[in-house]
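Each remark here refers to the structure printed beneath this line.
Values in this text are rule-based calculations from the coordinates and carry no lab data. Remember, predicted model here, so these are calculated numbers, not experimental data. Here the Cβ positions follow ideal geometry from the backbone for every residue, glycine too, while neighbour counts run over all protein chains shown.
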Amino acid sequence: MSTNAANPQPNPQEEEEEEPPLFFPQIPGRDIEHELTTSLVFNWFIAWPILLITTIVLTIYTSKHTIPYKFIDEIFHISMTERYIQGDWAYWDPKITTPPGLYYLGFIWSQIGRIVPFVKSDGLIWLRLLNVVGGVVVLPYMLSGMFILNPIGFWVGSLIMCPILYCFNLVYYTDVWSTVLVVSALSIAVGLPYGDLRSCQISAGLLWISLWFRQTNVIWSLFVLVVVIERRAIIRQNFTDSELNNCIKFLIQFFEDFWEYTWPFLANVGSFVVFLIYNRGITLGDKENHSVGIHLMQVFYCFMFFTFLTVPVWFSESYVKWYAYRFKFAWFFVLLEMCLIWLCIRYFLVVHPFLLADNRHYTFYIFKYFINSPSRWIKYGVMGLVYHFSMFVTYHNLNGNKFEFSSITDIPFKETRDLPLKPTLITILALTGCMILTLVPSPLFEPRYYIVPFFIYRVFISVPFEEIWGGLGTSNVILKRLYLEFAYLLAFNAFILYVFIKKEVIWEGVEEIQRIIW
């Protein structure tokens with residue numbers, strides 16, 4: 001046997017085929033290495049340290065000078081945590097609607113505070129700093145796992161400034177840690193840092209813990225399950241460009257993985273069902289004011305926030321023209337869509353008494369002057385177009401970033417953990433379904449309900465390689481859009497914080513000065 005036969009030389013062509021695929025196509029004029037390097041340096045060495053220090057200073061300042069007292073819902077949350085710190089574990093305030101996860105975590109945080117010098121472990125500042133740890137330390141760390149799978153698709157520094165979440169870093173509310181746990185579960189489920197099976201088990205465990213912060217997180221447990229099974233099916237069942245076949249392959253994978261990957265997430269649903277039966281409802285207390293209904297407009301409100309919070313991501317001349325072209329070339333479908341929206345406004349716009357009575361929330365003003373404006377021109381005309389355009393933007397972004405499969409060539413990825421973070425038809429349907437299940441039953445217009453779906457939506461889409469306006473060109477346009485998004489959200493939060501600190505609201509019968517928050 002010849003030497004060449006015994007030790008065959010590698011074929012250069014075969015070596016090229018084995019190279020890992022790129023996340024992005026090679027586009028002339030685009031320097032992906034520069035974009036990645038700039039994104040990493042800016043996020044972790046500039047944006048994150050500044051945001052961390054700024055948030056700590058703001059929390060301490062507002063706790064001492066702006067709201068040195070229990071603020072709105074803190075009356076319930078801090079009071080309950082103080083009871084637990086004092087050892088009164090049997091007490092429960094019947095006005096509280098969410099589970100006691102924050103109070104358990106607050107108790108642990110107070111014990112940590114006892115070993116920190118010059119700290120009052122059960123004081124306002126120390127308890128509020130717990131949310132700073134969650135929102136500006138743990139959250140960006142967990143988002144970094146998804147940033148690797150969608151490089152330069154989003155910036156972690158921008159996401160942690162999500163305006164409907166960031167302000168809650170300054171107070172002791174449940175929203176920050178509820179979001180942290182769901183986002184962490186999704187990040188571990190797609191990044192698989194501890195191996196396939198162990199990572200999915202940890203993800204399911206985090207989602208179970210998240211149920212102790214907000215009951216509706218059980219719906220997001222189902223979403224993460226869909227993502228887990230789908231990403232496994234993409235590799236093992238070899239998805240093609242046939243959406244129907246992919247859905248069938250997804251179901252096959254669902255049952256093949258039932259006892260290892262599916263069951264831990266369904267166990268969360270099972271435990272939630274047990275809770276519903278035992279509690280005789282989804283809310284723990286104040287059931288009269290938190291009854292379940294059919295509030296279809298919630299989904300349109302959510303789309304509206306998606307669109308408004310991501311303007312630098314999608315805005316372009318061609319984008320606006322494409323929407324306008326639909327009115328000319330697909331006018332019948334546009335008219336049908338608008339009629340459906342008008343019907344929803346007419347019959348499924350819920351006016352909750354809490355919303356009309358509390359002017360300490362931005363939703364009071366948005367609802368009064370726009371959503372439920374006495375002017376039909378604003379309520380149906382202007383807002384109808386806003387809802388329609390928001391729905392267009394949301395699904396255009398999701399569909400424009402979809403994972404492309406082929407019936408001719410195999411998927412170039414060999415391991416689930418290597419798959420980029422892109423939506424598919426299954427992901428889009430799952431996100432839509434989970435949004436409906438989470439939002440529609442709630443009668444109260446509350447932007448805090450949109451935080452988790454917004455994070456999921458944003459990490460699955462990328463900024464387009466498209467000039468922002470005619471004549472500006474595409475040179476460094478990805479970084480320009482990401483910088484604009486960061487600056488846009490920074491300005492948004494600066495406005496909210498300015499109003500929070502400077503605007504005083506006087507309530508009759510309440511001694512403390514009130515402030516405006518989401």
Listed pairs 70/95; 95/120; 249/414; 414/480 exceeding 22 Å between Cα atoms
95/120; 414/480
Please give me, ordered by residue number, the trypsin sites (Lys or Arg not before Pro) of the stretch 459-518 that lie in loop per DSSP and have at most 16 other Cβ atoms within 10 Å.
503
Scalar couplings 3J(HN,Hα) for the stretch 450-465 by Karplus 6.51 cos²θ - 1.76 cosθ + 1.60 (θ = phi - 60°), nearest whole Hz, x for Gly and Pro, are 8, 5, 4, x, 5, 4, 4, 4, 6, 6, 8, 10, 10, 6, x, 7
Selected from 247, 388, 366, residue furthest toward positive end of dipole (the chain; charges at beta carbon)
366
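If you count, for each residue, the other Cβ atoms within 10 Å and average over each peptide, how do 105-111, 492-498 line up from highest to lowest? Before the final figure, lay out the partial values.
Values: 105-111: 17.7, 492-498: 15.0.
Going by the mean number of other Cβ atoms within 10 Å, highest first, we get 105-111, 492-498.
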Could you pull the Cα extents of the stretch 29-502 along its three principal axes, largest to smallest, in whole Å?
66, 56, 48
Sort out for me the Cα centre separation of the stretch 457-518 from the stretch 166-233, rounded to whole Å.
25 Å
Efficiency by 1/(1 + (r/R0)^6): what FRET value for residue 325 and residue 31, r their Cβ-Cβ distance, R0 = 35 Å, to the nearest 0.05?
0.60
Two pseudo-spin positions, 7 Å from Cα along C-beta at residue 495 and at residue 358, lie apart in nanometres by 2.3 nm
Mind checking the stretch 48-78 for chymotrypsin sites (Phe, Trp or Tyr not before Pro) that DSSP puts in a loop (not H, G, I, E or B) and that have at most 13 other Cβ atoms within 10 Å?
69
Taking the stretch 340-395, the equivalent ellipsoid from its C-alpha gyration tensor has semi-axes in Å, biggest first, of 21, 13, 11
Can you show me the helix-derived [θ] at 222 nm for the chain, built from DSSP H runs with n ≥ 4 at -39,500 (n - 2.57) apiece and divided by the number of residues, rounded to the nearest 500.
-18000 deg cm²/dmol
Any lysines with Cα under 17 Å of the residue 379 Cα? List them, leaving off those in the same chain fewer than 8 positions away.
368
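Show me the ranking of peptides 79-92, 169-182 by mean Cβ neighbours inside 10 Å, starting with the highest.
On the way: 79-92: 14.2, 169-182: 25.6.
Packing order, densest peptide first, comes out as 169-182, 79-92.
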Can you tell me which of 386-399, 45-58, 257-270, 212-225 comes out highest on packing, and rank the rest after it, using the mean Cβ neighbours within 10 Å?
212-225, 386-399, 257-270, 45-58
Can you tell me how much longer the chain between residue 240 and residue 402 gets when fully stretched, taken as 0.36 nm per residue apart minus their C-alpha distance, in nm with one decimal?
57.0 nm
Mind checking the angle between helix 243-256 and the chain's longest principal axis? C-alpha axes, 0 to 90 degrees, to the nearest 10.
70 degrees
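How much length would be gained if the chain were fully extended between residue 260 and residue 474, taking 0.36 nm per residue of separation minus their Cα-Cα distance, in nm to one decimal?
Working: separation 214, 0.36 × 214 = 77.04 nm, distance 4.64 nm.
Full extension from residue 260 to residue 474 adds 72.4 nm.
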Taking the Cα atoms only, what angle lies between the long axis of helix 425-439 and the longest principal axis of the chain, rounded to 10 degrees?
10 degrees
Work out from phi, with θ = phi - 60° and the Karplus expression 6.51 cos²θ - 1.76 cosθ + 1.60, the ³J(HN,Hα) of each residue of the stretch 45-58, listed in order in whole Hz, and give x for Gly and Pro.
10, 10, 5, 5, x, 5, 5, 5, 5, 4, 5, 4, 4, 4
So what's the angle, to the nearest 10 degrees on a 0 to 90 scale, between helix 32-42 and the longest Cα principal axis of the chain?
20 degrees
Tell me which GluC sites (Glu not before Pro) from the stretch 304-410 have a DSSP coil assignment and no more than 10 other beta carbons within 10 Å of their own.
404
